Amino acid sequence: PYSALIPLLGRRRLLLISQIGTICSLALIITAISLVDNMGMKDDPWPAVVKPACLVNTCTACVAQPGCGFCSFNTTLGSAGFCIDGGPSVSVAHRCEREGGVYCPSHCHSSSNWFLGISMLLFVVYFSIGLAPIPFVIAAEIFPQHLRDLFTSISISTFYITTALVTLLFGELYPIIGMKYVFVIFGVLSIFGLLFVLLLVPETSAKTPETLHELFEEPWCCHGNGYSRLGASSSIQHEDDEEREEVPNMQSGDISEGSRKRRNVSN
């Protein structure tokens, strides 16, 4: 079961695997969408019957516009097609079918659709093994007991708010910039997330609540490496220098005190 996988691999490693997997899956999704968009052609054979909003060059941009549909002439990779008015003018759809095409008001027919489906399935799998559950586990571990309820609630609320924003922004950006570029934005943000995990997220597995705060005293990228050891050795060296300075001073003070005593005795 998955609950046994978390302590076996560790929180941080699962996050890294999940983050790298989702980035690779997004790259595959972008590639698959590009293959689907190869069906589009720039020259519209029926410009007089097409709405201005339907004058787009790719299938995914066409089906994103309200009242538009894509007319594809075959379902093989690289098949030709164009965007037409599929709203009240139903005869346009009938004409597309009479010409031997397939009218697609809401989706794109392509032999690369299986590639897109597998890419999305991989994204769901990689997201589920790390990015979905691990933030809740870490949030419940890193906060002290008297602050755990408050800050765990804040972190979980932030998680769901950002998830809702992603859902809303996808629906708003998809008709404007196209599906492919929406996933490009998600891919860039995922790369920033990978850097965040690499540099700032420590491994909390097998740590007690008393020792967890030590993981955040310095950035995880510098925790336990040469920079930390250099700083520690410099501090120790400085303390040793101070001790060596104090020893001669104490010795000189003792010699001065002994000289005064000898002078008093001789007098």
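The values are calculated or read from the model by the stated rules, or taken from the named source; none is laboratory data. Bear in mind the structure is a predicted one, so any value in this text is a computation, not a measurement. Neighbour counts run over all protein chains shown; Cβ positions are idealised from the backbone, glycine included. To get the accessible areas, we keep the full protein, side chains included, count just its heavy atoms, and leave off ligands, DNA and RNA. Shrake-Rupley method; radii C 1.70, N 1.55, O 1.52, S 1.80 Å.
How large a share of the accessible area of segment 53-207, in percent, is made up of carbon and sulfur atoms when the probe is 1.4 Å and the other protein chains stay in place? Mind dumping the intermediate values first?
Values: 6200 of 8580 Å².
Ligands and nucleic acids excluded, carbon and sulfur reach 72 percent.
Whole-Hz Karplus ³J(HN,Hα) for segment 13-24, in order, using 6.51 cos²θ - 1.76 cosθ + 1.60 and θ = phi - 60°, x for Gly and Pro?
Here the 3J(HN,Hα) series is 5, 5, 4, 5, 4, 5, 5, 5, x, 5, 5, 5 Hz.
FRET efficiency for Ile154 and Leu35, Cβ-Cβ distance as r, R0 = 30 Å, nearest 0.05?
On the way: r = 42 Å, r/R0 = 1.41.
FRET efficiency, Ile154 to Leu35: 0.10.
Long-range amide H contacts for Cys104: which residues qualify at under 5 Å (H placed 1.01 Å from N, peptide plane, sequence gap of 5 or more or a different chain)?
Phe70, Cys71, Ser72
Looking at the square roots a ≥ b ≥ c of the eigenvalues of the Cα gyration tensor of segment 145-197, which shape do they give, rounded for a/c under 1.5, prolate if a/b is larger than b/c, or oblate? Walk me through the intermediate numbers first.
Working: a/c = 7.06, a/b = 1.98, b/c = 3.57.
Oblate is the answer for segment 145-197, as a/c is 1.5 or above yet b/c matches or exceeds a/b.
Given points 7 Å out from each Cα along the Cα-Cβ axis, report the Thr162 to Tyr181 separation in nanometres with one decimal.
2.4 nm
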